[in-house]
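A short worksheet on the structure shown next.
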Amino acid sequence: METNRPGAGGNATGLPPSGPVPPDLERVLRWEDSGGGWRVARIGGGSLTLSLVTCDGGEEMGVLTSTDPSLIAHVAGRSRHP
C-alpha cells in the first residue's frame, strides 16, 4: 500500500503512522489499488454506502456500507473514484 494515501501513515484518517488501517478503509484502498472504482450510493447519518465497480466503472461488483469515520474521511466530498 502506498504511504502517501489516506489511511496509510495517518494522513486523512487521523491514525498514527503505526496504527492499523480500519478494515472497511483497507478494503476500499485495496480495491482502488487493484484498479477498481467506487460510487457513493448513499451518505448521511454517520454512514456511507459505496458501490464497488469495475475499472471501467461499468459493472457493480459489490456494495459496502460502513460507519467507519476513516472511510468517510477518505471519500470526503467525492461522489466517485476515479
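Quick note: the coordinates plus some simple rules give every number you see, no bench work behind them. None of the values given here were measured: they were computed from a predicted structure. Positions of Cβ are backbone-derived with ideal geometry, glycine not excepted, and every protein chain shown enters the neighbour counts.
Annotations for the structure displayed:
- All other residues whose Cβ lies under 9 angstrom from that of GLY57 are scored, Lys and Arg at +1 and Asp and Glu at -1, for a net of 0.
- Hydrodynamic radius (Kirkwood) for the range 23-81, which is based on Cα pairs only, to one decimal in Å: 11.2 Å
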